[in-house]
Amino acid sequence: MTVDVAYLRRVRDREDLAALMHDGQFLDAQKLFFSVVAEFGGSVNFDIADMHEVHAVAALMSTAKGLRVLDVGCGSSEEYVLDDTFRDRYPPFVAEMLTRLGATVTGIDIRPQANAGYDHRVLDLVDPAWVAAVNGPYDVIACFSLFNAPESPFEHDPTLCDRLMTDMHDLLAPDGVVIVNLRDELFAESSNEAGVQAYVESKNFRLLHLDGNCAWLRLH
């Protein structure tokens, strides 16, 4: 499958925010994002230009139709159901956006989502059995913000994060791509791309693109 890496590089290497305000690809993805936000009855009081999720959709927009997508920790409009998880709401923006672009999306979260336009599965990603409940392979696997979610089981637990990296590897199609916000601890020791590359290669991936802690990976 094709990823618009040129767009991703433009975003990463831009000199200022104004550059994106003239990028039609970004503006199309932003418009789609706002339509999903409106449907969820929410509002936006942050800089959309810094959302890796919106840029991911923009980079996949031209080829999204027909893709099989797995959104790991997709989010929900519901309150968190576990006392030991962080409570900030995170609606399933990516799952809904890619569904509207014609992808076949399966979203996984610990919470239900009654009005999902995609196939929403209520699964606990801490339990390795979740893998058996989905049917790979997937062309795109997205995992945004899960590894650094405050007070979540994944925060500061490299063993759990590494196991989920292996799970995603096993569910990915041969020419597919994983989009993941890598755990912040990786960047505390090494802020350069070489350090991140060594980590993803240890998980049998190769690094396609890196912007901050958001990595685009293919199978090694």
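Can you name the residue in the range 102-142 that is in contact (Cβ under 8 Å) with a residue 60 or more places away in the chain and of a type in the set (G, A, S) and is also nearest to A56 (Cα to Cα) among such residues? Among those residues, the one meeting the criterion is A142.
To keep it simple, each residue is scored yes or no on (1) surrounded by 15 or more Cβ atoms within 10 Å (Cβ to Cβ); (2) part of a helix (DSSP H, G or I); (3) not basic (K, R).
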site	(1), (2), (3)
T2	no, no, yes
R10	yes, yes, no
A18	no, yes, yes
F26	yes, yes, yes
A29	yes, yes, yes
F33	yes, yes, yes
V36	yes, yes, yes
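So which residues in the range 178-220 are polar (S, T, N, Q) and either in contact with a strand residue (DSSP E or B) (Cβ under 9 Å, 6 or more places away or on another chain) or within 21 Å of A59 (Cβ to Cβ) (or both)? Across the range 178-220, the qualifying residues are N181, Q197, N204, N213. Annotation note: of F154, F205, F187, the sole residue that is at pLDDT below 95 and crowded, with 18+ Cβ neighbours inside 10 Å is F154.
In the range 190-202, of all residues being surrounded by 12 or more Cβ atoms within 10 Å (Cβ to Cβ) and either among the hydrophobic types (A, V, I, L, M, F, W, C) or in contact with an Asp or Glu (Cβ under 8 Å, 6 or more places away or on another chain) (or both), the one that is modelled with the highest pLDDT corresponds to V200. Scanning the range 168-184 for residues that are among the acidic types (D, E) and more than 20 Å from D211 (Cα to Cα) yields a total of 2.
Taking strands (runs of 3 or more DSSP E) as the structural unit, those lying wholly within the range 166-220 and holding at least 1 residues that are among the basic types (K, R) and farther than 19 Å from R68 by Cα correspond to 205-211.
The single condition among (1) on the phi < 0 side of the Ramachandran plot; (2) touching a His at 6+ places or on another chain (Cβ under 8 Å) that N204 does not satisfy is (1). Restricted to the range 134-151, and to residues there that are aliphatic (A, V, I, L, M) and at pLDDT below 95, the residue that is surrounded by the most Cβ atoms within 10 Å (Cβ to Cβ) is L146.
Mind listing just one residue for me: the one in the range 85-128 that is buried (at least 19 other Cβ atoms within 10 Å of the Cβ) and part of a helix (DSSP H, G or I) and, of those, modelled with the lowest pLDDT? If we take residues in the range 85-128 being buried (at least 19 other Cβ atoms within 10 Å of the Cβ) and part of a helix (DSSP H, G or I), then F93 is modelled with the lowest pLDDT.
The values are calculated or read from the model by the stated rules, or taken from the named source; none is laboratory data. If you're wondering where the values come from, they're calculated on a predicted model, not measured in any experiment. Every residue, glycine among them, receives a Cβ derived from its backbone with ideal geometry; neighbour counts consider all protein chains shown.
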